[in-house]
Amino acid sequence: MGATFIQKVITPQELQEQYPLKESYKELKKQRDEEIAKVFTGESDKFLVIIGPCSADNEDAVCDYISRLAKVQEKVKDKLLLIPRIYTNKPRTTGDGYKGILHQPDPEKKPDLAEGIIAMRHMHLRAIEESGMFAADEMLYPENWSYMEDILSYVAVGARSVENQQHRLVPSGIDIPVGMKNPTSGDLSVMLNSCHAAQHGHTFLYRGYEMKTDGNPLVHTILRGAVNKHGQSIPNYHYEDLARLNDMYEQRDLKNPACIVDANHSNSNKQHQEQPRIVQEVLHSRRVSKDIENLVKGVMVESYIEAGAQKIGEHVYGKSITDPCLSWEDSEHLLYYIAEYI
């Protein structure tokens, strides 16, 4: 047999009981989630910025970053809603390399998912306690949602997952916004089909149960660029791309048409320093078109304390060990620019 069962891991219920969200934060999360939801329903004209490291590899550095972000949030709260990225699952194009703290609590040691599940939740809880902010994470494994369902305020489904049926069905039972990225091929109809599926109710198997869901009206699209047959990046953040997506939304029966623009990945060709320029163009497109202003609810930015990326083992504090990120100084400047422009 080519597969080996290594060990049983803690159940979601056991994890939540051992590492609970404090009662004092539950009402705060409810208020925050309602505030974010109103952006997607159009009841609020605040602009979302989902920002943080490509992968959350070091608890101290991640919590330091988010505490800095919380101070900025207080200054721009009338204009912006900041959602920190704590991405504990990292999809890899080839399957090789660091897959996030869930897989390797210590990036320099062997995988240990039993410990990784605990490390994942512990990091999120510490960030909440130190900053009062509730984070976004990527749904790399749909079955892991139950470990985090009470502490996340945003979920992203990645470009390689968006065509997978389980990644479409599980969000239909989630009560917070879920962003569906366009696939790496760039086919926007695939992304919109995923939104349709997740906005409607389903019955399916989940963690050993027959599950019934009601549908999630807060599911929306994320434009992250594409890759052509030659492996070249094709951006899809330009005015024409946003207008096309708006037209496609109008042809479909989808609730709360909304889009987040990912300023990195194939939109920047992973040139992290291009992210501010891309965000500025998106903001300009919103200013010259009311339709695009109503459609584009926010942006996604990869940012950490130090600019760029490093190899595992170099130990530069607050520097990404996966995709290159914007520095804290440039990120702070960008956030104030967005708040001023909106």
Legend entry - Lone qualifier among ARG244, ARG252 - being under 30 Å from HIS202 (Cβ atoms), surrounded by fewer than 17 Cβ atoms within 10 Å (Cβ to Cβ) and in contact (Cβ under 8 Å) with a residue 60 or more places away in the chain: ARG252
Inset, instruction - Would you point out which residue out of LEU113, LEU69, LEU140, LEU125 is among the aliphatic types (A, V, I, L, M), more than 20 Å from VAL49 (Cβ to Cβ) and in contact with a Ser or Thr (Cβ under 8 Å, 6 or more places away or on another chain)? - result: LEU140
Legend entry - Subset of the stretch 1-25 (residues that are exposed (fewer than 13 other Cβ atoms within 10 Å of the Cβ) and over 29 Å from ASP112 (Cα atoms)): GLU23, SER24
Inset, instruction - Go through the stretch 261-286 and count every residue that is crowded, with 22+ Cβ neighbours inside 10 Å, out of contact with any Gly (no Cβ under 9 Å at 6 or more places or on another chain) and closer than 13 Å to CYS325 by Cβ. - result: 2
Legend entry - SER289 vs. criteria buried (at least 23 other Cβ atoms within 10 Å of the Cβ) and either farther than 24 Å from VAL227 by Cβ or in contact with a helix residue (DSSP H, G or I) (Cβ under 8 Å, 6 or more places away or on another chain) (or both): no
Inset, instruction - Please find, among GLY97, GLY2, the residue that is at pLDDT below 95 and either part of a helix (DSSP H, G or I) or on the phi > 0 side of the Ramachandran plot (or both). - result: GLY97
Inset, instruction - Among the residues of the stretch 296-338, write down those that are without any contact (Cβ under 8 Å) to a residue 60 or more places away in the chain and either β-branched (Val, Ile, Thr) or surrounded by 24 or more Cβ atoms within 10 Å (Cβ to Cβ) (or both). - result: VAL296, VAL316, LEU326
Inset, instruction - Mind listing just one residue for me: the one in the stretch 241-267 that is assigned to a helix (DSSP H, G or I) and of a type in the set (Asp, Glu) and, of those, nearest to GLY186 (Cα to Cα)? - result: ASP241
Inset, instruction - Can you give me the ranges of the helices (runs of 4 or more DSSP H) entirely in the stretch 136-229 with at least 2 residues that are over 25 Å from LYS26 (Cα atoms)? - result: 165-169, 188-199
Inset, instruction - Please go through the stretch 116-151 and pick out each residue that is out of contact with any Lys or Arg (no Cβ under 9 Å at 6 or more places or on another chain) and among the aliphatic types (A, V, I, L, M). - result: ILE117, ILE118, ALA119, MET120, MET123, ALA127, MET139
Inset, instruction - Tell me, yes or no, whether the stretch 75-90 has at least one residue that is assigned to a helix (DSSP H, G or I), touching a helix residue (DSSP H, G or I) at 6+ places or on another chain (Cβ under 7 Å) and surrounded by 18 or more Cβ atoms within 10 Å (Cβ to Cβ). - result: yes
Inset, instruction - Answer yes or no: is there a residue in the stretch 281-290 that is in contact (Cβ under 8 Å) with a residue 40 or more places away in the chain, over 23 Å from PRO177 (Cα atoms) and among the polar types (S, T, N, Q). - result: yes
Legend entry - Leading residue by the ranking (nearest to ARG121 (Cα to Cα)) among those in the stretch 26-41 that are among the basic types (Lys, Arg) and buried (at least 18 other Cβ atoms within 10 Å of the Cβ): LYS29
Inset, instruction - Count, please, the residues in the stretch 14-62 that happen to be in a strand (DSSP E or B) and in contact with an Asp or Glu (Cβ under 9 Å, 6 or more places away or on another chain). - result: 3
Inset, instruction - With the condition kept exactly as written, say whether any residue in the stretch 42-62 is basic (Lys, Arg), surrounded by 12 or more Cβ atoms within 10 Å (Cβ to Cβ) and under 25 Å from GLY298 (Cβ atoms). - result: yes
Inset, instruction - Go through the stretch 321-335 and give me each residue that's within 21 Å of the chain's Cα centre (by Cα), in a helix (DSSP H, G or I) and more than 15 Å from VAL282 (Cβ to Cβ). - result: TRP328, ASP330, SER331, GLU332
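The values are calculated or read from the model by the stated rules, or taken from the named source; none is laboratory data. Not measured: the values here are computed from a predicted model. Cβ atoms come from the backbone with ideal geometry, glycine included; neighbour counts cover every protein chain shown.
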